[in-house]
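Scroll down for the structure; my scribbles are underneath it.
The values are calculated or read from the model by the stated rules, or taken from the named source; none is laboratory data. What you see is a predicted model, and the numbers here were worked out from it, not measured in a lab. Positions of Cβ are generated from backbone atoms using ideal geometry, with glycine treated the same way; all protein chains shown enter the neighbour counts.
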């Protein structure tokens, strides 16, 4: 090996590979994704990572979704489970549990005002840490979902929380992925969105594909530094 070739080889060896940008997906069981009928590699988080990498982005997507979680619970673990990972971007998707009315109850688990305030605080804390937040509405429930404790279809309450999420995104000027609207539009065009779920609520593999496809351009844009 020539001296020049040796020097180049040593330089290449001594320069560490760039760390991939980290994206965290924060949310409830819909974000967690894994359940009977849905493998880890079929979740929207895994599909998002694959799609971004296919486009040339050096990223790693970390899924920290927890079943049954609400926005107030997310705030309590934000520092440990999200900020400590120093991500570049965090997607936030809540509302299904926050809005739900349990059997024997007449009120949602937390009020829409509390939900809106919690979302705003999540956004503020992420930005204070230099992290780009992306808000997301939850997907729409299927038509044959079981009625909630108030005897309503769960979309009746969820729609109010979706409106609050949109309002926070507008107020805070945060990118928004509006899954609820996308699923609503699909249903109005004749799609049976229940077939995108395992139980009229949790997405199946096809539902996660739909979620990931809508997310890709928004998250890709969020990864780019602001002009």
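Numbers below:
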quantity	calculated
Selection from the range 172-210 of residues that are in contact with a strand residue (DSSP E or B) (Cβ under 6 Å, 6 or more places away or on another chain) and under 30 Å from residue 128 (Cα atoms)	174, 175, 176, 177, 178, 179, 180
The range 72-96, residues that are touching a helix residue (DSSP H, G or I) at 6+ places or on another chain (Cβ under 8 Å) and over 19 Å from residue 127 (Cβ atoms)	72, 95, 96
Qualifying residue in the range 208-225 (condition: part of a helix (DSSP H, G or I), farther than 27 Å from residue 37 by Cα and without any contact (Cβ under 8 Å) to a residue 60 or more places away in the chain)	yes
Single condition residue 192 does not satisfy, out of (1) more than 17 Å from residue 97 (Cβ to Cβ); (2) under 18 Å from the mean Cα position of the chain (by Cα)	(2)
Residues of the range 84-134 classified as without any contact (Cβ under 8 Å) to a residue 24 or more places away in the chain and under 18 Å from residue 64 (Cβ atoms), total	1
Of all residues making up the range 157-169, the number that are surrounded by fewer than 17 Cβ atoms within 10 Å (Cβ to Cβ) and touching a strand residue (DSSP E or B) at 6+ places or on another chain (Cβ under 8 Å)	1
Unmet criterion (only one of (1) surrounded by fewer than 22 Cβ atoms within 10 Å (Cβ to Cβ); (2) at pLDDT 95 or above; (3) in a loop (DSSP other than H, G, I, E, B); (4) in contact with a helix residue (DSSP H, G or I) (Cβ under 9 Å, 6 or more places away or on another chain)) for residue 69	(1)
Qualifying positions in the range 113-156 - more than 28 Å from residue 186 (Cβ to Cβ), assigned to a loop (DSSP other than H, G, I, E, B) and either at pLDDT below 95 or in contact with a strand residue (DSSP E or B) (Cβ under 7 Å, 6 or more places away or on another chain) (or both)	131
